[in-house]
Amino acid sequence: MSLTAGIVAVQGDFREHAAAIERAARAHGERADPIEIRSSGTIPDCDLLLLPGGESTAISTHLQREGLADEIVAHVDAGKPLLATCAGLIVACADAGDERVENLGLIDATVERNAFGRQRDSFETDLDIENLDEPFPAVFIRAPHIDEAGDCEVLATFDGQPVAVRDGPVVGTAFHPELTDDARVHGLAFFDRTNG
């Protein structure tokens, strides 16, 4: 049986995420069928969901306009996994510190947008992540960081700031796990049954 993996394809590297989900599924003895989601009606049929990066205000506006926000919240309320990366993390958190972003409130945390600087300040670092045996090659591009983690588990920090968290079935990362050939973060979010 194949799992339906919805990727909210408003902005961001959804094709790279699709490939990473397929790799992670194979590594866990599962099959996943990634589909791109741009309008309402499909999310209720998804087994797992991914909210990629991009520009958080544009993503937030699209989610509200297309009726996707309520469907994403219902997906998580049903205990189904969600991976939110970079701008997706910003939108998924309780507070983005920016009134233009209508947050989903799925991660009990406050974030700071572009906390690591502009595009030219992008970098890659080996990151120690809870429940992963080896460091993960994390790519940070105009990345946020978590100012304040409330009732959620911090999975990784960089320079003392949380950059990966888990809140129930939701995993959020400030970095872009899809930009490497390493699918372990997708595996951690979607297929690791020992967590969440």
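The values are calculated or read from the model by the stated rules, or taken from the named source; none is laboratory data. Quantities reported herein were computed from a predicted structural model and do not represent experimental measurements. Quick reminder, even Gly has a Cβ in these numbers, built from the backbone with ideal geometry, and neighbours come from all protein chains shown. We work out accessible area using only protein heavy atoms, side chains counted, and drop any ligands, DNA or RNA first. Shrake-Rupley method; radii C 1.70, N 1.55, O 1.52, S 1.80 Å.
Does Ile90 count as open to solvent by less than 50 Å² (accessible area, probe 1.4 Å) and out of contact with any Lys or Arg (no Cβ under 8 Å at 6 or more places or on another chain)?
Numbers: open to solvent by less than 50 Å² (accessible area, probe 1.4 Å): yes; out of contact with any Lys or Arg (no Cβ under 8 Å at 6 or more places or on another chain): no.
Here the answer is no, as Ile90 does not meet what is asked.
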>> Let me confirm something: among Ala84, Ala20, which residue is within 13 Å of the chain's Cα centre (by Cα), assigned to a helix (DSSP H, G or I), under 14 Å from His186 (Cβ atoms) and among the aliphatic types (A, V, I, L, M)?
In response: Ala20
> List, please: which pairs have Cβ atoms under 7 Å, are six or more places apart or on different chains, and start with a residue in region 139-156 that is under 15 Å from Gly53 (Cβ atoms) and end with one that is loosely packed, with under 15 Cβ neighbours inside 10 Å and modelled with pLDDT of 90 or more?
Replying inline: Val139/Glu124
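From the list Gly79, Gly54, Gly105, exactly one residue is modelled with pLDDT under 95, part of a loop (DSSP other than H, G, I, E, B) and either touching a helix residue (DSSP H, G or I) at 6+ places or on another chain (Cβ under 9 Å) or surrounded by fewer than 22 Cβ atoms within 10 Å (Cβ to Cβ) (or both). Which is it?
Numbers: Gly79 fails: modelled with pLDDT under 95; Gly105 fails: modelled with pLDDT under 95.
Only one candidate qualifies: Gly54.
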> Is there a residue in region 170-177 that is of a type in the set (Phe, Trp, Tyr), at pLDDT 90 or above and touching a Lys or Arg at 6+ places or on another chain (Cβ under 7 Å)?
Replying inline: no
> In this structure, is Leu49 outside any helix (DSSP H, G or I), at pLDDT 95 or above, closer than 22 Å to Ala174 by Cβ and in contact with a Lys or Arg (Cβ under 8 Å, 6 or more places away or on another chain)?
Replying inline: yes
> Taking Glu134 and the conditions (1) over 16 Å from the mean Cα position of the chain (by Cα); (2) at pLDDT below 95; (3) open to solvent by 40 Å² or more (accessible area, probe 1.4 Å), which numbered condition does it fall short on, given that it satisfies the others?
Replying inline: (2)
> How many residues does region 1-46 contain that are in contact (Cβ under 8 Å) with a residue 60 or more places away in the chain, open to solvent by 50 Å² or more (accessible area, probe 1.4 Å) and under 19 Å from Leu63 (Cβ atoms)?
Replying inline: 1
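Out of Val91, Val101, Val73, which single residue is closer than 18 Å to Asp45 by Cα, without any contact (Cβ under 8 Å) to a residue 60 or more places away in the chain and not basic (Lys, Arg)? Don't jump to the end; show me each part of the working.
On the way: Val91 fails: closer than 18 Å to Asp45 by Cα; Val101 fails: closer than 18 Å to Asp45 by Cα.
Only one candidate qualifies: Val73.
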